[in-house]
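Each remark here refers to the structure printed beneath this line.
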Amino acid sequence: MSIEAVLFDMDGTLVDSESVHYICWSQLLAPFGVRYDEDDFCQRFSGRPTIDAAKEIKQTHNLSVSSRYLADEKYRLFSKFVKTNLPPLMPYAADILFAVKEQGLKMALVTGSARHEAE
């Protein structure tokens with residue numbers, strides 16, 4: 001059996017985006033008086049779909065806005081933020097991508113993030 005393609009996860013594998021997600025959530029939640037420590041936030045919400053995080057945050061803090069509103073606003077803030085602040089590549093990510101390309105293997109990006117976040 002030979003390897004024909006390599007699939008790469010985006011968040012935490014190719015790019016260090018957790019701090020960007022944290023910054024966006026912090027901006028969104030500040031007007032509601034909701035604050036999280038970055039380590040705690042990442043432990044609770046990293047790797048989870050945005051809508052799931054929004055549902056938990058809404059319920060935990062009894063927010064008056066909908067989970068969908070929170071998720072949509074977080075997506076909007078993330079899209080705006082990364083236009084001028086791209087998350088850094090994870091260590092060795094570029095080296096690995098170039099090595100896979102040199103081997104002539106197909107590559108694909110897989111992610112649990114929203115499509116527009118990946119783009």
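The values are calculated or read from the model by the stated rules, or taken from the named source; none is laboratory data. All values derive from a computational prediction rather than experimental measurement. Ideal geometry is used to build each Cβ from the backbone, glycine not excepted, and the neighbour counts take in all protein chains shown.
Sub-8 Å Cβ pairs linking a first residue in segment 20-34 that is over 20 Å from THR84 (Cβ atoms) and modelled with pLDDT of 95 or more to a second residue that is aromatic (Phe, Trp, Tyr) and surrounded by 15 or more Cβ atoms within 10 Å (Cβ to Cβ), at least 6 apart or interchain, are LEU29/TYR36, ordered by first then second residue. If I filter segment 46-60 for residues that are in a helix (DSSP H, G or I), within 16 Å of PRO31 (Cβ to Cβ) and among the β-branched types (Val, Ile, Thr), do I get at least one hit? Checking segment 46-60: at least one residue is in a helix (DSSP H, G or I), within 16 Å of PRO31 (Cβ to Cβ) and among the β-branched types (Val, Ile, Thr). Please specify each residue of segment 77-99 satisfying the condition of being among the aliphatic types (A, V, I, L, M), surrounded by 15 or more Cβ atoms within 10 Å (Cβ to Cβ) and over 13 Å from THR13 (Cβ atoms). Residues satisfying the conditions are LEU77, VAL82. Checked against the criteria, SER64 does not count as part of a loop (DSSP other than H, G, I, E, B) and assigned by TED's automatic domain parsing to the domain that holds SER2. Counting the residues of segment 100-116 that are free of Cβ contacts under 8 Å to residues at least 60 places away in the same chain and surrounded by 12 or more Cβ atoms within 10 Å (Cβ to Cβ) gives 1.
Could you tell me whether segment 11-29 includes any residue that is of a type in the set (Val, Ile, Thr), touching a Leu at 6+ places or on another chain (Cβ under 9 Å), surrounded by 12 or more Cβ atoms within 10 Å (Cβ to Cβ) and part of a helix (DSSP H, G or I)?
Initially, segment 11-29 is screened for residues of a type in the set (Val, Ile, Thr), giving 13, 15, 20, 23.
Restricting the remaining residues to those that are touching a Leu at 6+ places or on another chain (Cβ under 9 Å) gives 15, 20, 23.
Cutting the leftovers down to surrounded by 12 or more Cβ atoms within 10 Å (Cβ to Cβ) gives us 15, 20, 23.
If we keep only those that are part of a helix (DSSP H, G or I) as well, we get 20, 23.
Yes, the conditions are met somewhere in segment 11-29.
Taking each residue of segment 62-85 that is over 15 Å from ARG115 (Cα atoms) and looking for partners that are part of a loop (DSSP other than H, G, I, E, B) with beta-carbon atoms closer than 8 Å, six or more apart or interchain, yields LEU63/VAL34; LEU70/LEU63.
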